[in-house]
Amino acid sequence: MITSTKENSKHSPILSVQHLKKYFPIRNTFLKRRVGWLKAVDGVSFDIFPGELMGLVGESGCGKSTLGKTILGMYKPNEGKILFKDKDIIKLSIDEKRKMRRKIQYVYQDAAASLDSWWSVGRLLREPLVIHTKMTRTDMDDKVLYLLNAVGLRCEDLYRYPHEFSGGQQRRLGLARILTLNPELIIFDEPTAGLDVSVQAKILKLLITLKEEFQLTYIVISHNLSVVRMICNRMAVMYLGKIMEISTTETIFNKPVHPYTKTLIESIPQIGERKKHDNLFLKGEPPSPENMPPGCRFQSRCSFKKDICEKIEPSLQEVETGHLVACNL
Ligand SMILES: Nc1ncnc2c1ncn2[C@@H]1O[C@H](COP(=O)(O)OP(=O)(O)OP(=O)(O)O)[C@@H](O)[C@H]1O
Ligand SMILES: [Mg+2]
């Protein structure tokens, strides 16, 4: 894959996603026969290097969560490869897959829903260690206390239940639970959704601290560009199941090339500032992923559309080192 920046080209990627497709069947209501495909992820390729924070942005329904869940193994892809440390996850045996899966963790959009409200914090954090390791009870208790402290919770919290915590504390708890399994790659799905701005900032700061302390690599899925700008070093912009632009966060924000990226950046609310480009706005709704238009999938909403865009589907092309754009113009 050619999605690396200059510094990254020295390392091999921790994760390489190649031409990944995940289609959901559309069935007719009576006979339940498949009548088409909903193309949620439609040929996505990118690499992530150890220690990177990679952002994945795009409008609601563009396939961000489906991509994350397919990488995690929740969905079987229709096509493509997912290489984790050079091993194709899809082709591993069930036993190898189970071991590999511990290395990749997913933090769900709804943090509270992934915590069993009948279990105390102590039990919630100890359970993965009981299932997946042969640690002694004392070692487990030490690890649980260490992680609780690392995510900013107190040892008294061991005896409380998830519903007794605030939204921000529940995120911290979810993080501690995931860290029990020593993951290497964590996929965060909307890590700050539903939190007020001051808590958002604390959670983002915590993510950065934990990344350094536990030598993690992150994929941060968000429709909030400011979140990605704050913590990610590289980012990909998705539209209707495809990556339209990928580069360093700095380049995407300062020198965006794809009209969709430019429009998304223009749409970030800014107090007291006039828009730089009045002709840049998102027209209407995106087409349905069940019925994709021919040519460029962004053409119906693009302010710069040309005839060619109705005929030719652009592929990602390198415009400068590590900066790839899928646009006919
Ligand atoms: N399990 C599923 N079965 C059928 N269709 C699905 C399934 N999961 C997602 N989809 C569809 O796939 C498309 C992409 O959904 P996805 O949840 O990946 O979007 P998203 O980018 O994460 O959106 P949001 O920002 O709202 O979370 C949508 O059209 C959605 O309806
Ligand atoms: Mg989602």
Where trypsin sites (Lys or Arg not before Pro) fall in DSSP loop in region 44-150, at most 16 other Cβ within 10 Å: K85, K134
Taking only the Cα atoms of region 7-325, how large is their convex hull per residue, in Å³? 167
If pairing requires two Cys Cβ atoms under 4.7 Å apart, which cysteines of the chain are left without a partner? C62, C155, C232, C302, C327
Using a 1.4 angstrom probe, figure out how much accessible area the chain has per residue, in square angstrom, rounded to the nearest whole. 51
Cβ under 9 Å from V325's Cβ, V325 left aside: what net charge do those residues give with Lys, Arg +1 and Asp, Glu -1? -2
Return the subset of K64/K205; K21/K283; K103/K205; K97/K242; K32/K99 for which the Cα-Cα distance in this structure is over 30 Å, preserving the input order. K32/K99
How many percent of the alpha carbon pairs in region 132-217 exceed a separation of 23 Å? 23
Size of region 15-154 as Cα extents on the principal axes (Å, biggest first): 55, 38, 32
Report relative contact order for region 45-101 in percent, whole number only (criteria: Cα-Cα under 8 Å, sequence separation at least 6). 18
Provide the percentage of antiparallel DSSP beta bridges, counting only those with both residues in the chain; round to the nearest 5. 65
Any chymotrypsin sites (Phe, Trp or Tyr not before Pro) in region 107-187 that lie in a DSSP loop and have at most 13 other Cβ atoms within 10 Å would be W118
Tell me the chymotrypsin sites (Phe, Trp or Tyr not before Pro) within region 30-65 that lie in a loop according to DSSP and have at most 12 other beta-carbon atoms within 10 Å. F30
Scoring region 7-325 by relative contact order with C-alpha pairs under 8 Å, at least six apart, yields a percentage of 20
Taking the alpha-carbon centroid of each part, what is the distance from region 151-228 to region 61-89 in angstrom? 22
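The values are calculated or read from the model by the stated rules, or taken from the named source; none is laboratory data. Note that the structure is predicted; figures quoted are calculated from it, not measured. Glycine also receives a Cβ, built like all others from the backbone with ideal geometry; neighbour counts cover every protein chain displayed. Surface areas here come from the heavy atoms of the whole protein model, side chains and all, with no ligands, DNA or RNA. Shrake-Rupley method; radii C 1.70, N 1.55, O 1.52, S 1.80 Å.
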